[in-house]
Amino acid sequence: MLLTHRNKENTHSSLSKRTQQFGLSALALAVITYSAGLAAEEKNEALELPDIEVTGTEQQEDKTQLDLQLLAPNDTAEYLRSLPGANVNQNGPLTGIAQYRGFFGERVNVLVGGTHIKPTCANSMDPPLSHIPPSLLDSIELKRGIAPVSSGLETIGGSISATPLSNEFGVSDEFESTGKLSGAYKSVSQGNQLSAFLGTANDTHRANVSLSAEQGDDYEYPDGDVSPTEYERATYGLGYGYQRGDYELDFSSHYNDTGETGTPALPMDIISTEALTTRVGLKVDVDEGRQLEAHVSAQDGEHQMDNFTLRAAPMMMGASMPMKRISDAEVDSLGYGVKYTMPMNEGNLVLGLDGDTATNSSTITNPNDAMWYVENFNEAERDRNGVFAEWEGNATDALTVLVGARVTRVEMDSAEVSSTMAKNMPMSAAAQLANRFNSDDRNQKDNNLDVVLNTSYAMSDTFSLEAGVAQKTRSPGYQERYLWMPLESTGGLADGNSYVGNIHLDPEVAHQLELGFSWDNQSAYLKPRAFYHKVDDYIQGTPATDSTVIQASMMDTTPLQYTNVEAVLYGFDAPFGYQLSDKISLDGQVSYVRGERDDIDDNLYRIAPLNGLLALSYTENNWSLVGEVEGFAAQDEVSATNSEKETSGYGLVNLKGSYRPQHNLELTAGIENVMDKQYTQHLAGYSRVNVGAISKGDRLPGEGRNLFITASFEW
């Protein structure tokens, strides 16, 4: 059986009712869609959905794309590893956190279906890309280099956009049905997945419904299993569009239901995550070259994690019972955007307003003591509102310019917090911290300015020079400001340290410089970029000196406190390729990032070492073969502040093949890590599990040899 959903006793009734309503709506739309498909005449041509497209987008719509359609990941974030400068921080099988040029977490702007999804978990167990499984993904795009101000509110670490499967409007008033069924199996975790996408459309209406269900066991590595890395997830989607004349209305809703899923790099595992995200958009073609776009979105999420269901709970020193903990969290978010595009001076001017608001709360309890609790975050609110202007066009016949400016207002606040210790022991360190937090001015406001200038100068039809300069800003996240007691609620840092927040943090301000060139003569291409980022007031955990904080940190005698420091990040990335013949091509990329503290002699935490990917592809009419080699250098430039450990270099070989017995049926199979090599990714976390093959505190090893097969059928 593919997937069995467990009844979750702690699921709130409001979300359960919402789930039932969503299910009924999905069923009704599925019936309508299927009926419309049967009513369509056989002569109508079915709309073919494209393969998953993973691209790095530059100015002038130049795209860097490797042959990623053959991959079979269970985490959409894994696709980022094939793009220049991008990578992923792995804390569990479904918890990939996007990284770009050394920035990760909230510093990278990630959109899913045009919505900025907020993690419900304070440790980012449900990062944005976990809300869209690979089987329901249409494309994932990285804005390579300095991201335009129009791409998001806070883009100090770049901008990534994932687009779910959808269907297009038809060309007549008759409905045409489309669909896609897919399945996958991977041996390394005994993982399996099934998905279905069903749509119907005519020239005025389009509608679709989607479903994905997947599960897997602990993954294997050469010396055993890594536990807990089991996972289960179901995802449901609804979509509707209406167009008439110059108007187009779009509605989409996605529901993510993640069950028991291990996150061994974190102190707890996922018991359940349920999130409903809805977006409504409007597009109006005002007149030739002028367009108005607007959207609103809403997110409602609930999350539960604990430290005893999938692993053994830790023992407190001197205690006779294990220290069991449960954390319940919730998030409510609203977003909006208005954008007006008009022609101006051989280009287009874009004017826009956008913003969102999010409220996060989480409480930690003890199942063995009904009176024990810690109010981790209580209505921690973060509101963003921005206005921007951006022009892109031809300054001369050879010079293309993108210039933009954005002002963003960030307002944050939190309700008062408490805990059993603070209430029952008024002289304790916990009580002092709670009183200090509650009496402080928790209402904070930042006015941030972003300015971007990107240029491309065409020296010839095949060669262009590229340069960019920018100032980008980011205000602190709610964990960095409002974590009042030393805990590991850190947005997925996974360094094993306890942290305490700092209400009075300043925003990060990055001054960014980028230089490169693009050479493409149709048979070969090379597009290197070098970058340098000087970040003032970079937010970093530093050793706490407050005696009250140290006394309150029971599990970590050397807690860290979020502080503004100085930092620099620099490096290069370069995609390249060569068409050896009509059927044989060579593609690859190499990436390097160096991150340093600029105020002391130390390195930044969790920076990927020098790495590269090389893929040799052979393609016939209905089949293809790909051989890949991926390599990572040793990483010895690690953060002493975060007690980060060094990692050794390694290389992996992957073989993959694809076959189409008919135009709408595709079968793929492959072997990843062909040599069954034991290795550790530097961006993987450390084991926080007390019992298992991996010792607590050791790096989590990478997956062993994996045989996979996938099949998809489209109509």
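Please treat every number below as a calculation from the coordinates, not as lab data. All values reported here derive from a predicted model rather than from experimental measurement. Please note: Cβ atoms are built from the backbone with ideal geometry, for glycine as well, and neighbour counts cover all protein chains shown.
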* Asked: Can you put Val535, Val451, Val286 in order, fewest other beta carbons within 10 Å first?
  -> Val286, Val451, Val535
* Asked: Remind me, relative contact order of the stretch 290-415 in percent, using alpha carbon pairs under 8 angstrom and six or more residues apart?
  -> 21 percent
* Hey, if you put +1 on the Cβ of every Lys and Arg and -1 on every Asp and Glu Cβ in the chain, which of Trp372, Thr261, Leu94 ends up farthest toward the positive end of that dipole? -> Trp372
* Asked: Could you state the number of Å between the C-alpha centres of the stretch 561-607 and the stretch 112-190?
  -> 24 Å
* Note the angle between two axes, namely the Cα long axis of helix 13-39 and the longest principal axis of the Cα atoms of the chain, as a number of degrees from 0 to 90, rounded to the nearest 10. => 10 degrees
* Among Ser624, Leu604, Val590, whose Cα sits farthest toward the positive end of the charge dipole of the stretch 587-638 (+1 at Cβ of Lys/Arg, -1 at Cβ of Asp/Glu, about the Cα centre)? -> Ser624
* Separation in nanometres of the label points that stand 7 Å from Cα toward Cβ, at Leu707 and Met555 -> 4.0 nm
* Asked: From the residues Leu198, Phe437, Leu211, which one has its Cα farthest along the dipole of the stretch 13-714 in the positive direction, the dipole being from +1 and -1 charges on Cβ of Lys/Arg and Asp/Glu about the Cα centre?
  -> Phe437
* Under-5 Å amide H pairs with Cys121, H placed in peptide plane, nonlocal only -> Asp126
* So which GluC sites (Glu not before Pro) in the stretch 379-433 pass both tests, a DSSP loop state and at most 15 other Cβ atoms within 10 Å of the Cβ? -> Glu416
* Structure fact -> Computed for the stretch 660-709: size of charge dipole around the Cα centre, +1 on C-beta of each Lys and Arg, -1 on C-beta of each Asp and Glu, debye to nearest 20, value 160 debye
* **Average Cα contact separation per residue, the stretch 501-633, under 8 Å, 6 or more apart, as relative contact order %** => 19 percent
* To do: Could you line up Ile271, Ile146 from fewest to most neighbouring Cβ atoms inside 10 Å?
  => Ile271, Ile146
* Based on the alpha-carbon gyration tensor of the stretch 13-714 and its eigenvalue square roots a ≥ b ≥ c, which shape applies: rounded if a/c is under 1.5, prolate if not and a/b is larger than b/c, or oblate? -> rounded
* Structure fact -> Stretched fully, the stretch from Arg244 through Asp582 gains (0.36 nm per residue minus C-alpha distance, one decimal, in nm) 117.3 nm
* Asked: If you place +1 on the Cβ of every Lys and Arg, -1 on the Cβ of every Asp and Glu, and leave all else neutral, what size is the dipole of the chain about its Cα centre, to the nearest 20 Debye?
  -> 1160 debye
* Sites excluded, trypsin sites (Lys or Arg not before Pro) in DSSP loops with at most 10 other C-beta within 10 Å, longest stretch of the chain -> 44-715
* Using Cα pairs closer than 8 Å and at least 6 residues apart in sequence, work out the relative contact order for the stretch 13-714, in percent. => 11 percent
* Asked: Taking every DSSP beta bridge that has both residues in the chain, what percent is antiparallel when rounded to the nearest 5?
  -> 95 percent
* **Distance violations [Cα-Cα > 29 Å] among Lys656/Lys677; Lys472/Lys656; Lys423/Lys696; Lys118/Lys324; Lys656/Lys696; Lys527/Lys583** => Lys472/Lys656; Lys423/Lys696; Lys656/Lys696
* Rounded tilt (10° steps) of 429-439 against the dominant C-alpha axis of the chain -> 60 degrees
* **GluC sites (Glu not before Pro) within the stretch 551-626: DSSP coil, no more than 10 neighbouring Cβ in 10 Å** => Glu620
